[in-house]
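Colleague: Sharing a structure here in C-alpha cells format.
The values are calculated or read from the model by the stated rules, or taken from the named source; none is laboratory data. Please read these numbers as outputs of a predicted model, since none were measured by experiment. Every residue, glycine as well, gets a Cβ built from its backbone with ideal geometry; the counts of neighbours run over all protein chains shown. When the accessible area is computed, the model is the full protein with side chains, heavy atoms only, and any ligands, DNA or RNA have been set aside. Shrake-Rupley method; radii C 1.70, N 1.55, O 1.52, S 1.80 Å.
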Amino acid sequence: MRRERVDWREGAKKRAALEAVKHVREGFVIGLGSGTTVAYAVQEIGEKVRREGLRVLGVPTSHQVLRLAVSCGIPITTLDEHPQLDLTIDGADQVDRKLNLIKGMGGALMREKIVASAAKKLVIVVDETKLVEKLGMNHPVPVEVLPFALSVVMAKVRKLGGKPVLREGKDKVGPVVTDNGNFILDVEFGVIDDPGDLDVRLKSVPGVLETGLFVEVADVVYVGGRSGVQRLLKR
C-alpha cells in the first residue's frame, strides 16, 4: 500500500512539473526552487536545452538545485547579473485556496522567497496532498533564524503563540544549517487564519531573518493528482 502511495505521488509531481515548464520561453531567466517536485521541472528544462537548443539561464535557490541544474546542462546565472527574473518555478509544503503557501521544509525558504520576489511570475508545483483549506493544519511554519539570536527568538515566538522546535539533522549531530549559515525553527501555530499578519509579526522579532509563509505571491499553482493536473490561478 505504501509503495502504491509513493508511486502515484511521484507521478503526480512530475505531471504538475511538466505543466509548469510550459511557461518557459526562449531567452528566459528562470528562478529554480528546491525540492523533489521542482527537480522534475529542472530535468525537463535540461532536456529542452539539449534536444531543442532552448536558450535559458537559471538562478538556483540552493546548492542542491545548483548541482542538479549543472548536471542537466542548464547555464547558471545570479541575481547580481539578473535582478529581475522572467519566471520562477518552485514547490510548496502547503497551499491554500487563496494560493498562500508554507515553504521551507527543505531549508531554502529565504533564498526561495528572494527569488520568488524577483520574478515576473511565480509558478508553484505540488501534488494534491499539499492542498489544504487553511495553512498550518498539522504542519509547522519554518522560520530562518540568526544563530546568535536563537534563544531570544524562541522565547518571543512562544509569546506569539507558537511552539518552536529547532530543526536538527537526521544524519549529523546538531542543528540543520541553511545555505546562508543560519538555523531553522519549525513552529507549530495550529490553523492560521491570517497568514499575512502572522508573517509580519514573526518578522518583527529581532533575529528572525525570514519565514516560510509566502503570502499573495504565487500566480499559478499546478496540483498533480491521480487522474490529472488541476490549475489554480490567483484570484
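Colleague: What percentage of the solvent-accessible surface of segment 34-179, computed with a 1.4 Å probe over protein heavy atoms, is contributed by carbon and sulfur atoms?
Modeller: Exposed carbon and sulfur together represent 54 percent of the surface.
Colleague: Rounded if a/c is under 1.5, else prolate if a/b is larger than b/c, else oblate: which is segment 97-235, with a ≥ b ≥ c the root eigenvalues of its Cα gyration tensor?
Modeller: Because a/c hits 1.5 or more and a/b exceeds b/c, segment 97-235 counts as prolate.
Colleague: If you average the sequence gap of Cα pairs under 8 Å that are 6 or more apart and divide by the length of segment 153-235, what percent do you get for the contact order?
Modeller: Result for segment 153-235 is 20 percent.
Colleague: Using the heavy atoms of the protein chains alone and a 1.4 angstrom probe, what is the accessible area of the chain per residue in square angstrom?
Modeller: 50 Å²
Colleague: Can you give the calculated 222 nm mean residue ellipticity of the chain, where each DSSP H run of n ≥ 4 adds -39,500 (n - 2.57) and the sum is split over every residue, rounded to the nearest 500 deg cm²/dmol?
Modeller: One gets -10000 deg cm²/dmol as the mean residue ellipticity at 222 nm.
Colleague: While we're looking at this one, here's another question. Take the Cα pairs of segment 173-230, get the Kirkwood Rh, then feed it into Stokes-Einstein at 20 °C and 1.002 mPa s and tell me D in µm²/s.
Modeller: Result for D is 148 µm²/s.
Colleague: Sorted by packing (mean other beta-carbon atoms within 10 Å per residue), highest first, where do 53-66, 94-107 land?
Modeller: Descending packing order for the listed peptides: 94-107, 53-66.
Colleague: Hydropathy at least -1.0 by Kyte-Doolittle, axial extent at least 20 angstrom from the Cα trace: which helices of the chain, defined as entire DSSP H runs, fit?
Modeller: 36-52
Colleague: Restricting things to alpha carbons, tell me how big the chain is in terms of Rg and Dmax, in Å.
Modeller: Considering the chain through its Cα atoms, Rg and Dmax are 17.5, 55 Å.
Colleague: Could you give the length gained by full extension between ASN138 and ARG226, i.e. 0.36 nm per residue of separation minus their alpha carbon distance, to one decimal place?
Modeller: Taking 0.36 nm per residue and subtracting the Cα distance, the gain is 29.4 nm.
Colleague: Then there is this: Below 8 Å, C-alpha to C-alpha, sequence gap of six or more: please give me the relative contact order for the chain in percent.
Modeller: For the chain, the relative contact order is 24 percent.
Colleague: Enumerate the whole-percent occupancy of each 5 Å bin, from 0 to the last occupied one, for all C-alpha pair distances of segment 1-122.
Modeller: Each 5 Å bin holds this share of Cα pairs: 2, 12, 21, 25, 21, 11, 6, 2, 1, 0.
Colleague: Then there is this: Run the numbers on segment 115-209 and let me know its relative contact order in percent, using alpha-carbon pairs under 8 Å that are six or more apart.
Modeller: RCO, segment 115-209: 38 percent.
Colleague: Mind checking the full-extension length gain between VAL200 and ARG51? Use 0.36 nm per residue of separation minus the Cα-Cα distance, one decimal, nm.
Modeller: Fully extending the segment from VAL200 to ARG51 adds 49.1 nm.
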